Amino acid sequence: MQDINSYLDGFIKYQEYSPVREIKWFRENREKAIHAFKKLGFPTIHDEDWRFTNLAPIERTVFRLTPNGKPKLTRTDIAPFVFSDSLRNQLVFIDGRFSVELSSVDTNGEVRISNLTKALFDYQDLLSEHLTRYADFEYEALTALNTAFMEDGAFVLVPKGVLLSEPIHLLYVSTINDVPSLANPRNLIILEDNSQANIIEHYVSLGSNVYFSNVVTEVVIGENSTLDHYMIEIESAKAYNVSTLRVEQKRHSNLNSHSLLLGGSLVRNNVHPVLAGEGCHSFINGLFMSRDRQHMDNYMKVEHASPNCDSRQLYNGVLDGKSRGVFHGRIIVHKDAQKTDAKQTNRNLILSDSAQIDTKPQLEIYADDVKCTHGATIGQLDENAIFYIRSRGLSEESAREMLLYAFASKSLESMKVKQIRDYVERLITDWFAKGNLVRLPS
């Protein structure tokens with residue numbers, strides 16, 4: 001087992017050779033974070049927010065930070081993960097580090113986009129105002145670990161009044177390493193007032209080795225602005241992935257968060273929007289599909305901090321083999337958040353007798369003029385529905401195909417960008433096909 005002190009020792013060396021070590025506020029925040037991580041340690045099943053997920057496999061693995069020298073990859077290597085060659089803004093990170101050769105950035109466009117290391121020098125005042133200000137590294141251990149070792153990731157600034165029609169693609173590629181490796185990508189996304197953007201975070205593997213991807217993304221959505229955020233995770237079956245999306249919403253802003261989790265041995269997906277301004281809307285949509293012995297934990301924490309806001313959560317799970325899924329949805333309505341309208345729905349489809357799902361909808365309401373509901377369902381394919389479809393002349397296999405596809409595709413309906421929706425649809429189709437469960441219609 002890797003001792004917590006080894007992270008502290010590694011941090012001292014990391015700080016010494018970091019290219020951004022001369023930036024005082026940044027260095028001080030990293031130092032605070034490593035001491036917070038040392039104090040907190042890894043979460044355990046005795047922590048309420050982690051009661052269904054045991055991090056012992058991560059804690060007992062000795063990880064090494066990914067080396068500075070990036071593997072030589074070509075555009076052919078990453079071609080299966082690219083939505084379109086014509087995208088003007090696509091940042092590619094290899095083992096957590098920016099690859100200028102594989103990336104494309106529209107320097108003539110209005111949006112400001114770069115890797116985080118470069119942005120720390122180019123936009124230091126702006127980053128000092130926002131970076132580490134939202135994701136809680138004092139009480140969240142893995143956020144503290146990320147903050148201590150953060151160095152690279154994506155920086156996106158959408159200026160006031162800019163409406164981006166084309167998505168921004170952030171592609172994180174993990175390669176084969178000789179020893180278990182640790183990467184801590186850190187993303188900062190800022191939408192100024194009256195702006196709009198579609199941003200994709202995409203995590204993939206080229207090998208089947210053990211590694212730990214510990215991601216934190218901080219987002220600020222300005223007044224009257226809209227962000228559609230996509231999280232797509234299709235990593236190695238031996239990978240560990242913990243991702244945290246922390247969103248600060250200003251007055252009359254809109255968040256549409258979409259997640260698709262398919263890969264990984266142990267995956268934890270944290271989504272935490274704070275509706276800080278009046279009249280906000282937040283929509284959290286997700287689909288997780290697990291098989292074999294995969295463990296996928298989805299922790300949704302929606303904070304209503306201002307009045308006249310509404311939020312919706314719609315999360316679906318498909319579980320096969322001996323896999324385990326978790327949905328913990330928590331809605332917090334603060335005392336000043338009158339006229340809150342919040343709804344939470346979790347639906348799960350179990351495809352084997354050995355799969356397991358833990359679902360925990362939770363409401364914490366401190367205001368008296370609100371409308372909040374939650375619900376969860378766990379079931380198998382409806383035999384009556386299968387019989388009905390077969391009575392129309394279809395085979396049992398075709399009937400199962402239709403029902404499974406209909407269930408999984410519910411999460412696609414709200415994805416507005418066609419090229420993303422089509423890509424996700426292919427991933428879902430491949431998942432079913434590789435599991436020898438069904439052959440989905442083309």
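The values are calculated or read from the model by the stated rules, or taken from the named source; none is laboratory data. Computed from a predicted structure; not experimentally measured. Glycine also receives a Cβ, built like all others from the backbone with ideal geometry; neighbour counts cover every protein chain displayed. Quick note on the areas: whole protein, heavy atoms, side chains included, nothing else; ligands and nucleic acids left out. Shrake-Rupley method; radii C 1.70, N 1.55, O 1.52, S 1.80 Å.
Observations
- Heavy atoms of PHE149 accessible to a 1.4 Å probe, total area in Å² rounded to 10: 10 Å²
- Shown here for segment 90-181: GluC sites (Glu not before Pro) in loop regions (DSSP other than H, G, I, E, B) with at most 16 other Cβ atoms within 10 Å, namely GLU101, GLU110, GLU138.
- DSSP finds beta bridges in the chain, and of those with both partners inside it, around 5 percent are antiparallel.
- Using the average count of surrounding beta-carbon atoms within 10 Å as a protection proxy, the listed peptides 12-20, 255-263, 205-213, 403-411 rank, highest first, as 255-263, 205-213, 403-411, 12-20.
- Restricting segment 361-430 to GluC sites (Glu not before Pro) that sit in a DSSP loop and have at most 13 other Cβ atoms within 10 Å of their own Cβ leaves GLU413.
- With N the number of residues in segment 74-178, Rg(Cα) / (2.2 N^0.38 Å) evaluates to 1.18.
- Placing +1 on the Cβ of every Lys and Arg and -1 on the Cβ of every Asp and Glu, with no other charges, gives segment 116-186 a dipole of roughly 180 debye about its Cα centre.
- The mean sequence separation of alpha-carbon pairs under 8 Å and at least six residues apart, normalised by the residue count of the chain, gives a relative contact order of 9 percent.
- Cα coordinate range in segment 270-409, projected on the principal axes (Å, largest first): 56, 34, 19
- Under the Karplus curve 6.51 cos²θ - 1.76 cosθ + 1.60, θ = phi - 60°, whole-Hz ³J(HN,Hα) for segment 289-301, x wherever Gly or Pro sits: 9, 10, 8, 6, 10, 4, 10, 10, 10, 10, 10, 10, 10
- Alpha-carbon Debye profile of segment 128-222, log10 I(q)/I(0) at 0.12, 0.14, 0.21 Å⁻¹: -0.46, -0.60, -1.08
- The phi torsions of segment 162-175, fed into the Karplus equation with coefficients 6.51, -1.76 and 1.60 and a -60° offset, translate into couplings of 8, 10, 8, 8, 9, x, 9, 10, 10, 10, 10, 10, 9, 10 Hz, rounded to whole numbers, with Gly and Pro shown as x.
- The chain - Rg (one decimal) and Dmax (whole number), Cα, Å: 21.4, 72
- Sequence-distant residues sharing a close amide H with ASN298 (under 5 Å, placed H): ASN269, VAL326, PHE327, HIS328
- Normalised Debye scattering of segment 14-137 at q = 0.10, 0.13, 0.19 Å⁻¹ gives log10 I(q)/I(0) of -0.50, -0.83, -1.23, counting only Cα atoms as equal scatterers and leaving out solvent.
- Cα-based equivalent ellipsoid of segment 229-345: semi-axis lengths in Å, sorted from largest, via gyration tensor: 30, 12, 10
- Using a probe of 1.4 angstrom and keeping all protein chains present, the accessible surface of segment 284-442 works out to 48 square angstrom per residue.
- Alpha-carbon gyration tensor eigenvalues x 5, square-rooted, for segment 196-260, Å: 29, 11, 7
- Ligands, DNA and RNA aside, SER195 has an accessible area near 0 Å² when probed at 1.4 Å.
- Accessible surface of the chain [probe 1.4 Å, protein heavy atoms]: carbon and sulfur percent: 47 percent
- Grouping the Cα pair distances of segment 16-68 into 10 Å bins from zero gives a pair-distance distribution of 19, 34, 32, 14, 0 percent in increasing distance order.
- Dipole magnitude for the chain: computed about the Cα centre from +1 point charges on Lys and Arg Cβ and -1 point charges on Asp and Glu Cβ, it is near 580 debye.
- Cross-link pairs exceeding 23 Å in C-alpha to C-alpha distance, out of LYS32/LYS301; LYS371/LYS418; LYS250/LYS410; LYS250/LYS418; LYS301/LYS371; LYS343/LYS410, comprise LYS32/LYS301; LYS371/LYS418; LYS250/LYS410; LYS250/LYS418.
- The residues packed around ASN198, meaning those with a beta-carbon under 10 Å from its beta-carbon, carry a net charge of -1 if Lys and Arg are +1 and Asp and Glu are -1.
- SER259 long-range amide H proximity, modeled H, under 5 Å: MET231, ASN285, GLY286, LEU287
- 19 Å Cα-Cα reach of LYS238 towards lysines, excluding residues that sit fewer than 8 places from it in its own chain: LYS322, LYS434
- Take the Cβ atoms of THR107 and ALA367, set R0 to 60 Å, and the FRET efficiency comes out at 0.80.
- Between amide H atoms placed 1.01 Å from N, distances below 5 Å from GLN344 occur with GLN313, THR373, HIS374, GLY375, all of them 5 or more places distant or on a separate chain.
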